[in-house]
Amino acid sequence: QVQLVESGGGLVQAGGSLRLACTVSGSSFSINDVAWYRQVPGNQRERVAIITSGGSIMYGDSAKGRFTIYRANDKNTAYLQMNSLKPEDTAVYYCQYYHRGNYYWGQGTQVTVSS
């Protein structure tokens, strides 16, 4: 059974940094893609960044130049390093994991950026 556990959210002032982590169990982590999404109430879920099993990376426009996605396959964990945070980055951040034709989601972690 695939399970995702996210951590690292919290309250930070504008200009600050946070690092989110997504630890996956129940599958071969290194051969699957991982993405980070975020969602504000009333809005659609937005993809922030994705890293493939081969290490290819794509960022959404809101993340370019400020966020970094990376993975530690030996720890079955993907990370999202967020720098220069802005109040508009406030959202619930979700980890998405692709495995054998299915997408799995974490429970979400709240990120709040104060001005």
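The values are calculated or read from the model by the stated rules, or taken from the named source; none is laboratory data. These numbers were taken from a predicted model, which means no experiment stands behind them. Cβ placement follows ideal geometry from the backbone for every residue including glycine, while neighbour counts extend to all protein chains displayed. These area figures cover heavy atoms from the full protein model, side chains too; ligands, DNA and RNA do not enter into them. Shrake-Rupley method; radii C 1.70, N 1.55, O 1.52, S 1.80 Å.
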Exercise for review: Name every residue in segment 89-111 that is touching a strand residue (DSSP E or B) at 6+ places or on another chain (Cβ under 8 Å) and open to solvent by 50 Å² or more (accessible area, probe 1.4 Å), in order of residue number.
Suggested key: Y98, Y103, Y104, W105, Q107, Q110
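For segment 20-49, give me the residue count where each residue is aliphatic (A, V, I, L, M) and either without any contact (Cβ under 8 Å) to a residue 24 or more places away in the chain or at positive phi (or both).
Within segment 20-49, the first condition is being aliphatic (A, V, I, L, M), and the residues that meet it are 20-21, 24, 31, 34-35, 40, 48-49.
Next, only the ones that are either without any contact (Cβ under 8 Å) to a residue 24 or more places away in the chain or at positive phi (or both) stay: 31.
The number of residues fulfilling the criteria is 1.
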Review point. Can you name the residue in segment 6-36 that is modelled with pLDDT under 95 and hydrophobic (A, V, I, L, M, F, W, C) and is also most open to solvent (accessible area, probe 1.4 Å) among such residues?
Key: I31
Practice item. Scan segment 55-68 and give yes if some residue there is surrounded by fewer than 19 Cβ atoms within 10 Å (Cβ to Cβ) and within 18 Å of V2 (Cβ to Cβ), otherwise no. Key: no
Review point. Does segment 101-113 include one or more residues that are outside any strand (DSSP E or B), over 13 Å from V24 (Cβ atoms) and touching a Gly at 6+ places or on another chain (Cβ under 6 Å)?
Key: no
Revision key, fill the gap. The condition from (1) at pLDDT below 95; (2) over 23 Å from S115 (Cβ atoms); (3) open to solvent by 30 Å² or more (accessible area, probe 1.4 Å) that P41 misses is numbered (2)
Review point. If you go through segment 70-92 one residue at a time, do you hit one that is small (G, A, S), modelled with pLDDT of 95 or more and over 19 Å from V113 (Cα atoms)?
Key: yes
